[in-house]
Ligand SMILES: [Zn+2]
């Protein structure tokens, strides 16, 4: 067994997709030295993330946040993630109370999802700004979900508009599942952003240019499980241990040695999230 460590920077091990075999999935990850962050998407899934993190304290950490899709009437996310039947009303006080827990390592996921409806930007922006502010108050990283309209960088532009406020200057900013243009990636990198990439880079070519451009020090690998499994499990339920395949692909794209990339990734991501 190798002694490399890994951190799945963004996944949803607390979702019902893992209710039947969560302990086994975490054990598989543990046997390959893969730790994971369970990312909340609304109050209930944030609470569950903390519960799972407490149940598996050596392997799982949590975030709290309110995903922008939960503000829309139409439900664009997998039904699998819902605990209650209805979308909920955003309440920063609820998230703030949850975020006090010592297992909470970031505020996430929050941001802009304009893929289906760009007119949602205004209401999403208010909710995003409150969460960015919570991250600042608690001195925790902000891990964003920004999904632009097709062929656009609009979700990133909106996020930057909020974060341009000088009060957010020292906030640690992480762009989860980056899917914007190379120009926008350059702009975000200049502003000190980190980027996460998942299984999609093992089968889609359109991330290569951006990944080649970004320094490894600014990249984290995630699964976003149960979604978007890498090539060898494409279309199936994703799980944290599969991130190793994505790390291999990252090393390949960058023309670097896998072991070096893996060690670098783990050091950088565990430092940023203060996971040791
Ligand atoms: Zn996610």
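Of note:
- Filter pass, residue 196 being at pLDDT 95 or above, within 16 Å of the ligand (Cβ to nearest atom), touching a strand residue (DSSP E or B) at 6+ places or on another chain (Cβ under 6 Å) and not in a loop (DSSP other than H, G, I, E, B): yes
- Any hit, the stretch 183-192, residues being free of Cβ contacts under 8 Å to residues at least 12 places away in the same chain and either within 16 Å of the ligand (Cβ to nearest atom) or within 15 Å of residue 218 (Cβ to Cβ) (or both): yes
- Annotation: of all residues in the stretch 19-31 being buried (at least 16 other Cβ atoms within 10 Å of the Cβ) and touching a helix residue (DSSP H, G or I) at 6+ places or on another chain (Cβ under 8 Å), the one that is nearest to residue 6 (Cα to Cα) is 29.
- Scope the stretch 1-17; condition within 14 Å of the ligand (Cβ to nearest atom) and in contact with a helix residue (DSSP H, G or I) (Cβ under 7 Å, 6 or more places away or on another chain); matching residues: 8, 9, 11, 12, 13, 14, 15, 17
- Subset of the stretch 234-251 (residues that are in contact with a helix residue (DSSP H, G or I) (Cβ under 8 Å, 6 or more places away or on another chain) and without any contact (Cβ under 8 Å) to a residue 12 or more places away in the chain): 248, 251
- Scanning the stretch 131-145 for residues that are in a helix (DSSP H, G or I) and within 16 Å of the ligand (Cβ to nearest atom) yields one hit, 131.
- Residues that are more than 19 Å from residue 5 (Cα to Cα) and surrounded by fewer than 19 Cβ atoms within 10 Å (Cβ to Cβ), drawn from the stretch 229-252: 231, 232, 233, 234, 235, 236, 237
- Close contacts from the stretch 1-18, counting a first residue that is closer than 17 Å to residue 55 by Cβ and a second that is surrounded by fewer than 24 Cβ atoms within 10 Å (Cβ to Cβ) and at pLDDT below 95, with Cβ to Cβ under 7 Å and a gap of 6+ residues or different chains, come to 12/81; 15/80; 15/81; 16/80; 17/80.
- Scanning the stretch 205-223 for residues that are farther than 11 Å from residue 253 by Cα, assigned to a helix (DSSP H, G or I) and in contact with a strand residue (DSSP E or B) (Cβ under 9 Å, 6 or more places away or on another chain) yields 217, 218.
- Options 69, 80; residue that is at pLDDT below 95, farther than 30 Å from residue 166 by Cα and not in a loop (DSSP other than H, G, I, E, B): 80
- Verdict on residue 128 being on the phi > 0 side of the Ramachandran plot and either out of contact with any strand residue (DSSP E or B) (no Cβ under 6 Å at 6 or more places or on another chain) or within 16 Å of the ligand (Cβ to nearest atom) (or both): no
- Residue 53 modelled with pLDDT of 95 or more and part of a strand (DSSP E or B): no
The values are calculated or read from the model by the stated rules, or taken from the named source; none is laboratory data. Treat the numbers as computed from the prediction; the structure is a model and nothing was measured. For neighbour counting, all protein chains shown are included, and Cβ atoms are generated from backbone atoms with ideal geometry for every residue, glycine included.
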